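Each remark here refers to the structure printed beneath this line.
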Amino acid sequence: MQWGLRVALHLLDPVSCLLYSCLWMIGQNMKKPAVFIDRDGTINEQMGYINHVSRFVILPGVVEALMLLNENGFHVVIVTNQSGVARGYFPLGLVHEVHDFLDASLRKDHVTLDGIFFCPHHPNGSVPEFTKRCNCRKPRTGLIDQACRSLEIDLQNSYAIGDRCDDIEFARRAGVKGILVKTGYGLGEIKYLLPHSTAKPVYIAEDLLHAVQWIINVEKAAENR
Ligand SMILES: [Mg+2]
Ligand SMILES: [Zn+2]
């Protein structure tokens with residue numbers, strides 16, 4: 001019998017069918033929802049361009065928020081635009097240095113980040129290597145595509161949190177629920193930009209911790225329904 005035919009017959013065998021569907025279901029169950037979190041103004045204090053690690057100051061409640069996500073089965077993924085690289089304000093290495101610092105300080109507090117994805121590009125930059133119209137600068141969704149290639153993400157039940165309307169537009173384009181926080185640029189965005197924005201958040205939170213607590217309450221309520 002030809003090899004291809006033998007495989008086809010084998011696939012039709014009811015026991016194999018059952019086995020394959022079980023494996024498929026296990027694969028689906030291994031997928032976890034993610035919370036895609038903006039960096040500047042959401043995780044750390046908004047201080048213009050973070051061009052030195054000393055300007056990176058983690059906001060109150062952030063450690064607790066990320067710990068809650070760790071404990072409640074969410075992937076914790078940071079997604080950030082760092083156009084300062086394309087503009088020549090700081091080198092690519094500085095972004096890695098800041099992220100190593102963030103990762104190390106969270107680890108000390110027993111918090112795990114599942115991924116940090118950033119866009120170093122800008123269409124009007126001054127560093128040729130990073131000057132382009134890319135698909136990873138938020139509100140475009142390339143950073144979520146990158147995350148989905150390295151993590152098993154249940155996108156349908158995922159969220160994005162940020163301090164700018166562009167973070168909510170990013171959520172809308174990716175098909176995840178967007179939450180706006182009042183830290184960073186939040187208050188001004190809510191007052192002046194949100195009324196004219198087509199993408200609306202599912203919730204407006206005081207800060208990252210309140211956003212995460214809201215998500216967990218919503219998910220628990222859904223489970224008990
Ligand atoms: Mg921000
Ligand atoms: Zn990019």
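Derivation of every value follows stated rules applied to the coordinates shown; laboratory data play no part. Here the structure is a predicted model, which means the values were calculated and not measured. Backbone-built Cβ (ideal geometry, glycine too); neighbour counts: all protein chains shown.
Tabulated data
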item: Under the Debye formula (equal points on every Cα, no solvent term), log10 I(q)/I(0) of the chain at q = 0.13, 0.14 Å⁻¹; result: -0.77, -0.87
item: Relative contact order (percent, whole number), the chain, Cα cutoff 8 Å, 6+ residue spacing; result: 21
item: Using a Förster distance of 30 Å, the FRET efficiency for Asn224-Thr198 (Cβ separation, nearest 0.05); result: 0.35
item: Crossing angle, helix 3-12 versus the chain [Cα axis fit, 0-90 degrees, rounded to tens]; result: 90
item: Computed E for His96/Val15 - FRET, C-beta separation, R0 41 angstrom, nearest 0.05; result: 0.25
item: Tilt relative to the chain, helix 165-174 - C-alpha long axis, 0 to 90 degrees, to 10; result: 10
item: Amide proton proximity set for Ala34, modelled H, under 5 Å, gap of 5+; result: His75, Asp154, Ser158, Tyr159
item: Cα long-axis angle, helix 14-30 against the chain (0 to 90 degrees, to the nearest 10); result: 10
item: Residue with peak Gaussian network fluctuation, the chain [Cα springs, cutoff 10 Å], from Asp167, Asp114, Asp100; result: Asp100
item: Cut-off 14 Å between beta-carbons: net charge of the residues surrounding Ser54, Lys and Arg +1, Asp and Glu -1; result: -1
item: The chain, helix-only ellipticity at 222 nm - DSSP H runs n ≥ 4, -39,500 (n - 2.57), divided by all residues, nearest 500; result: -12500 deg cm²/dmol
item: Calculated from backbone phi, Karplus (6.51, -1.76, 1.60) coupling profile of segment 64-77 in Hz, x at Gly/Pro; result: 4, 4, 5, 5, 4, 5, 4, 6, 9, x, 9, 6, 9, 10
item: Extension gain, Lys132 back to Lys108 (0.36 nm per residue minus Cα-Cα distance, nm); result: 4.9 nm
item: Linear extension gain, Val57 paired with Ile216, 0.36 nm per residue minus alpha-carbon span; result: 54.7 nm
item: Inter-part distance where segment 121-152 and segment 162-225 are each reduced to a Cα centre, Å; result: 22
item: For segment 56-125, size of Cβ-based charge dipole, Lys and Arg +1, Asp and Glu -1, in debye; result: 240
